[in-house]
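Report on one structure; see the data block that follows.
Coordinate-derived values only; no laboratory data. Remember, predicted model here, so these are calculated numbers, not experimental data. With ideal geometry, Cβ positions are generated from the backbone for all residues, glycine too; neighbour counts draw on all protein chains shown.
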Amino acid sequence: MKQLFVSLTLFLSLTLNAQLKSPADFLPDYGKHVTYYHQLEAYFAQLGQNSDMIQHTVYGQTYEGRNLHAYYISTPDNLKNLENIRQNHLNQIGMSGKPASVGNKAIVWLSFNVHGNEPAAAESAMNVAYELINPDNAATKEWLKDIIVVLDPCLNPDGYSRYGNWLHSITGQQLHPEQSDREHMELWPGGRENHYAYDLNRDWAWQVQQESQQRIALYNQWMPMVHVDVHEMGFNEPYFFPPAAEPMHDFITKAQKDFHTAIGEMTSKKFDEKGWSYYTREIFDLFYPSYGDTYPTFNGAVGMTYEQGGIGAGRAVKTNSGTMLTLQDRINHHTTAILTAVETAAWQREKLIKNFRSYFKDSRENPKGKYETYIVKNGGRAEELAKLLTRNNIAFTYADESKKLSGYHYQSDKDKDFTLEPNDIIISARQTKSVLTQVLFEPVARLSDSLSYDITAWDLPHAFGVESYGLKKSLTVKTRNAPKYKGKFEYERVYAFYVPWNGRASVKVLAQLHSNKIKVRKATKASFYRGINIQPGDLVVLKGDNAQISEFEQTMKVMLEGKRDFEVIESGFSLTGADLGSEAYPLLEAPKVLLLSGKGVSSTEFGQVWFYFDNILEYPVSIVDVANLGWVKLSEFTTLVIADGWYDFNETQKAQIDTFIDNGGKVIVQGNALNIFNDRQGYSLTHFATETSRNAEKDADDAEELEARYYNYESSLRRGISSSVSGAIIENVLDKTHPLSYGLGDTYFSLKTTSSYYQLLKGASNVIYVPNGYKSFGFIGSSLKKKLSNTVTYAVEHKGNGQIVYMVDNPLFRGFWESGNLLFSNAVFLVD
Ligand SMILES: [Zn+2]
């Protein structure tokens, strides 16, 4: 009986495997053309139907409605035990999870194609999955005995499809290997980013986009020990694999670096055998925490980026070195490298598991950073910060009593006394996610090399603009798991609703009021009502203004659903300040917004504006390609948003914008787009307010040039960075009386990502600017650092009946700068 059963299973598994097809057998164009996403899904479905070594889950959906998939690949026995293995693994690192006797298994996560126009990644995912399962490949069967592979074949199906569909639409039977062929020139916005033109490989920690949120939810259920992020780079580059480049964050452990070296050695042997070109330890650093290599690293894993030369290569391209690079070549290189990563993990399994467990124990018992407890004062944007912590599985509590304390105050960059109050958020570094917590909260991270690929400061207290403290010790105090909300003030009748202006929830209320044609006013003056302290920027909705709405109270309750701190005012009579009938409460007009898109516009910066209106605020925005601007009646709009970009307006288009402003329109212009107005007749935007300062700077630059004559070649190459900034936090002071700064607090910390600067403008309101002796966090070149004093970051200029809001720094940068989101909203909704 037993024998019969064995031969029956053998028979079944043979017939199962007999139908198992390689990508080349299943897809006739495999390696010759980019696979459509639905074909990729069909390929994996075929693997699942014909093998008991693969299981599948749909972990989310993209904005365009495509499914996001993860596949678990291991031996049939391990897969049967998958949930126990997962529970035991989490339990071993101190996360909730039940212990089970399942042996020690290593968890290896493979991520492909976060950038849509890097298709050799997803293509090789099919090949890697096949080789892991293929019964003829004995080696992979051996590795999988003690390894669970979690394979995500495409992190960005919308971008992947945009690229692939476009490539199919422009290619015929013949190849187009010449570099200038349109096959190698993607159209705007290209397929790199997701639906909203967000770069998902900058979004791991912030999870602004739903693809990231859904993926990290699954990631946190698995907490892999190795994470491989598969990319492509420019097609003239060879291949990159670990070890990574400096700068490396100080919190990266020796064990993590040692594994990089082991993998580099293993992979280089395979590439040497085939004579393939590669490099390591250059360009791709490990610092900014929101990438597919760093984020896993700060979650204890060995996080790695793999890059094949291939962006823009289409099906085949003649590279600068004269060789032909085909899609099949790119697949081959990736397949070899990624399988080697799995092989190395199998070989180093015992060490990996031991190191991973001690990583969490060590960091919990001996936090690596300067501060051990972080306090975020309650209210407004603190709620959004709490959501970000939850998405990252970072534990926190709310204070349930008051206590006098002393600690590092982020906003003044000094130690000071303060009072902890109920509902303040407390985050302890003595927790499982200790390292990630400290990476996100430490005000300064040491840079081992100032040549970084990305921003060098990002701490959440500055990003969210919430008063915060760092304590060097643990804190013992009464806490709760949820904030306690105070009851509403009692009232006999509704005269008005009051909505504090302190974060995106406030803006969302305003957007809804506008969409529902409910009249709303903004406060321009501080006033005091019974129990309510109105600040400039706060909203009031008067019942008397909205007589047309039959069920006013009910309608308002719906509008205010996401906004807990609203209040009812029962009398328009103020105790101090202005009564509600005063002109200190002007009516707000619903803006009708037009956003420019198309060639020349930075796709990511455009995407940030679009996403903010469309998804965060759910407020309509018209999107028009720059090329079609001439056909648009601008007078039908109140607000024109010109995102960062390289615009080349002709005189007619410029005149059209001038007229729009003169007739009362508002232009919000960002980053490089400021060049449209720079040194232009009728506008005050100019880099230097006076000839004297222009000349002084020229003299200083000349002196530096003269000094540089004595530099050798290498130091002259590095000299460029003294006048650059890849991303640093810069203190700004603000004119609190101006609507552009309403709700932002006493200081604004701007994330500066370009070296462009303008001295305070003559003839405009310099609302938010960098003062003398300003504080900064992160790397700024020494020469630029001096020049930024007394430069303006956000200014408003009146011209004719309209105005221009100049934004030198992008407040919506990657969507995570929460105080920037409010600043942008001020420009759209409150500045008039
Ligand atoms: Zn990439």
### Query
Once fully extended, how much extra length lies between Leu218 and Arg446, figured as 0.36 nm per residue of separation less the alpha-carbon to alpha-carbon distance?
79.0 nm
#### Entry: Charged-residue dipole, Cβ positions (Lys, Arg, Asp, Glu), region 70-143 about Cα centre, Debye nearest 20
420
#### Entry: Cleavage-rule hits, GluC sites (Glu not before Pro), region 351-415, DSSP coil, Cβ neighbours within 10 Å at most 15
Glu401
## Note on the structure
Between the residues Asn355, Leu388, Ile375, the Cα farthest towards the positive end of the dipole of region 349-391, that dipole coming from +1 and -1 charges on the beta-carbon of Lys, Arg, Asp and Glu, is from Asn355
#### Entry: Over region 15-56, volume per residue of the alpha carbon convex hull, in Å³
62
### Task
First obtain the Kirkwood hydrodynamic radius of region 112-239 from its Cα pairs, then insert it into the Stokes-Einstein equation at 20 °C and 1.002 mPa s, and state the resulting D in µm² per second as a whole number.
129
### Task
Please give the direction-averaged projected area of the C-alpha convex hull for region 450-520, in square nanometres with one decimal.
10.4
### Message
On a full-extension model of 0.36 nm per residue, what is the gain between Tyr713 and Ala700, subtracting their alpha-carbon distance, rounded to one decimal in nm?
### Response
2.5 nm
### Query
What's the Kirkwood radius of region 292-379 in Å, using all Cα pairs?
17.0
### Cleavage-rule hits, chymotrypsin sites (Phe, Trp or Tyr not before Pro), region 677-767, DSSP coil, Cβ neighbours within 10 Å at most 13
Tyr710, Tyr711
### Message
Report the gain in length on full extension from Ser724 to Glu273: 0.36 nm times residue separation, minus Cα-Cα distance, nm rounded to one decimal.
### Response
158.2 nm
### Ellipticity estimate at 222 nm from DSSP helix runs (n ≥ 4, -39,500 (n - 2.57)) divided over the chain, nearest 500
-9500 deg cm²/dmol
### Task
With a ≥ b ≥ c taken as the square roots of the eigenvalues of the C-alpha gyration tensor of region 358-398, please select rounded if a/c is under 1.5 and otherwise prolate if a/b is larger than b/c or oblate if it is not?
prolate
### Task
Would you kindly calculate the translational diffusion coefficient of region 164-297, applying Stokes-Einstein with the Kirkwood radius from alpha carbon pairs, for 10 °C and a viscosity of 1.306 mPa s, and quote it in µm² s⁻¹ without decimals?
90
### Task
Mind pulling up the Rg/Rh value for region 247-303? Radius of gyration and Kirkwood radius, both on Cα.
1.02
### Task
Please report, in cubic angstrom per residue, the volume enclosed by the convex hull of the alpha-carbon atoms of region 620-779.
179
### Query
Could you give the nm distance between label points at Arg680 and Ser783, where each point is 7 Å from its Cα heading toward the beta carbon?
2.9
### Message
Of all beta bridges DSSP finds with both residues in the chain, what is the antiparallel percent, to the nearest 5?
### Response
65
### Task
Enter the Cα centre distance for the pair region 194-221 and region 467-504, rounded to the nearest angstrom.
29
### Shape parameters for the chain, alpha-carbon atoms, Rg then Dmax in Å
28.7, 99
### About the Cα centre, charge dipole magnitude for the chain (Lys/Arg +1, Asp/Glu -1 at Cβ), debye
2160
### Query
Taking Cα centroids, how far is region 612-638 from region 531-567 in Å?
28
### Summary
Quick calc, Asn165 & Thr419: beta-carbon distance into FRET formula, R0 51 Å, rounding 0.05, result 0.30
### Summary
Scalar couplings 3J(HN,Hα) for region 238-250 by Karplus 6.51 cos²θ - 1.76 cosθ + 1.60 (θ = phi - 60°), nearest whole Hz, x for Gly and Pro, are x, 10, 10, 9, x, x, 7, 9, 6, x, 10, 5, 4
### Message
Among Gly531, Gly665, His184, which residue has its Cα furthest toward the positive end of the charge dipole of the chain, with +1 on Lys/Arg Cβ and -1 on Asp/Glu Cβ?
### Response
Gly531
### Message
Averaging over every viewing direction, what projected area does the convex hull of the Cα atoms of region 19-160 cover, in nm²?
### Response
9.1
### Query
What helices does the chain have that are whole DSSP H segments, at least 18 Å long along their own axis by Cα, and with mean Kyte-Doolittle hydropathy of -0.5 or more?
2-18, 120-133, 327-347
#### Entry: Neighbour cut-off at most 12 other Cβ (10 Å), DSSP loop, trypsin sites (Lys or Arg not before Pro), region 481-567
Lys484, Lys486, Lys488, Arg493, Lys517, Arg564
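Once you charge only the Cβ atoms, +1 for Lys and Arg and -1 for Asp and Glu, what is the size of the charge dipole of region 540-612 about its Cα centre, to the nearest 20 debye?
About 420 debye.
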### Query
For region 259-300 and region 47-74, what is the separation of their C-alpha centers, rounded to whole Å?
26
### Message
Testing the spin-label approximation: label points 7 Å from Cα along Cα→Cβ at Asn772 and Gln179. State their distance in nm.
### Response
5.1
#### Entry: Under Karplus coefficients 6.51, -1.76 and 1.60, residue-wise ³J(HN,Hα) of region 411-419 in Hz, glycine/proline x
5, 9, 6, 9, 6, 7, 7, 7, 10
### Query
At a Förster radius of 25 Å, what calculated FRET efficiency corresponds to the Cβ-Cβ distance of Gln55 and Lys354, to the nearest 0.05?
0.40
### Summary
Projected onto the charge dipole of the chain (unit charges on the beta-carbon of Lys, Arg, Asp and Glu, signs +1, +1, -1, -1), the Cα from Ala795, Leu542, Gly292 with the largest positive-side position is that of Leu542
### Message
Averaging the inverse of every distinct alpha carbon separation and then flipping it gives the Kirkwood radius. What is it for region 520-607, in angstrom units?
### Response
15.5
### Summary
Expressed to one decimal in nm², the mean projection of the alpha carbon convex hull of region 299-443 is 13.8
### Query
Taking the Cβ-Cβ separation of His798 and Tyr63 as r and a Förster radius of 45 Å, what is the calculated FRET efficiency to the nearest 0.05?
0.70
### Query
Put a dot 7 Å past each Cα toward the Cβ at Lys403 and Ala100; how far apart are the dots in nm?
3.9
